[in-house]
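Scroll down for the structure; my scribbles are underneath it.
The values are calculated or read from the model by the stated rules, or taken from the named source; none is laboratory data. All values derive from a computational prediction rather than experimental measurement. We place every Cβ from the backbone using ideal geometry, glycine too, and count neighbours over all the protein chains shown.
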Amino acid sequence: MPDDLTLPEPLPADPMALFQEWFREAAARRAQPNPDAMVVATTAGNGDPSARVVLCKRIDGVAGYVVFFTNYDSRKGRELTARPRAAAVFHWDALHRQVRVEGPVVRSPDAESDQYFASRSLDSRIAAWASAQSEPLASRDLLRQRVREIAARFNIAPDAKNGTVPRPPNWGGHRLWIDTIELWAEGANRVHDRAVWTRSLQRADDYSFAGAPWRSTRLNP
Ligand SMILES: Cc1cc2nc3c(=O)[nH]c(=O)nc-3n(C[C@H](O)[C@H](O)[C@H](O)COP(=O)(O)O)c2cc1C
């Protein structure tokens with residue numbers, strides 16, 4: 001890998017612009033179907049980690065958080081209610097880059113969840129009601145039956161492409177506020193480049209934190 005793919009020297013005071021630039025480059029490259037995919041790790045009650053892929057639907061580069069949407073009663077949702085911190089990792093293979101973020105998690109304001117839910121396909125909106133995510137399911141037939149019932153409840157004809165389906169009360173966004181972010185870039189001759197930025201976050205209200213200035217440190221790869 002040429003050295004120009006590595007991190008700037010000196011490191012920028014605020015890492016968010018670089019993170020967003022990498023995110024946009026990953027999307028523009030069209031080298032992977034879901035460049036917005038990130039693995040989110042949460043913690044179970046006994047301290048065990050659990051991880052799964054979700055889609056990062058928004059990065060707020062000014063405030064410094066990422067947003068993903070899910071079922072609040074899912075395993076991750078329950079774990080985040082009990083311990084509202086998460087770690088997430090993006091891997092853009094074709095760009096030879098990785099980004100890790102960590103920090104406290106809050107639920108999105110209803111308006112943010114409503115807006116994103118309304119933008120989803122009809123099938124996705126119906127499925128959000130039908131799937132008791134992470135709960136045992138006796139058969140796929142049962143789930144298909146449930147999809148038909150939900151469609152009927154909202155007066156959606158079997159082959160309809162449009163219709164009004166409200167957001168389920170147990171479905172919505174999470175904002176992962178970043179207090180630690182690490183950018184990793186592959187370097188020539190395996191001399192990779194890696195830096196971490198940290199800041200402290202002070203809770204401001206139900207949805208937001210006030211962030212102290214970032215501190216950056218280059219790390220051995
Ligand atoms: C590419 C990809 C994208 C996914 N995006 C989401 C997502 O945005 N939200 C979500 O709840 N699950 C998403 N999933 C499913 C999750 O990985 C996971 O199976 C599900 O959320 C249940 O996880 P849990 O039981 O740990 O809560 C996605 C899976 C893949 C493979």
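Within segment 25-56, the only residue that satisfies the criterion of being assigned to a helix (DSSP H, G or I) and either exposed (fewer than 12 other Cβ atoms within 10 Å of the Cβ) or within 9 Å of the ligand (Cβ to nearest atom) (or both) is 28.
Within segment 110-128, being closer than 13 Å to residue 70 by Cα, out of contact with any strand residue (DSSP E or B) (no Cβ under 8 Å at 6 or more places or on another chain) and in contact (Cβ under 8 Å) with a residue 12 or more places away in the chain holds for 114, 125, 127.
Taken over segment 11-60, the residue count meeting the criterion of being modelled with pLDDT of 95 or more and on the phi > 0 side of the Ramachandran plot is 1. The residue list 162, 220 contains one member that is surrounded by fewer than 19 Cβ atoms within 10 Å (Cβ to Cβ), over 27 Å from residue 39 (Cβ atoms) and polar (S, T, N, Q), which is 162.
Among the residues of segment 186-217, those that are buried (at least 16 other Cβ atoms within 10 Å of the Cβ), touching a Phe, Trp or Tyr at 6+ places or on another chain (Cβ under 9 Å), within 21 Å of residue 98 (Cβ to Cβ) and not hydroxyl-bearing (Ser, Thr, Tyr) comprise 192, 193, 194, 195, 197, 199, 214.
Return a yes/no flag: does segment 85-98 have any residue that is of a type in the set (A, V, I, L, M), farther than 21 Å from residue 177 by Cβ and in contact (Cβ under 8 Å) with a residue 40 or more places away in the chain. Yes, segment 85-98 has at least one match. Looking only at residues in segment 80-94 that are under 22 Å from residue 24 (Cα atoms) and surrounded by fewer than 19 Cβ atoms within 10 Å (Cβ to Cβ), the one that is farthest from the ligand (Cβ to nearest atom) is 94.
For segment 57-79, the candidate set comprises residues that are near the ligand (Cβ under 8 Å from one of its atoms), within 14 Å of the chain's Cα centre (by Cα) and not in a strand (DSSP E or B); within that set, the residue that is surrounded by the most Cβ atoms within 10 Å (Cβ to Cβ) is 76.
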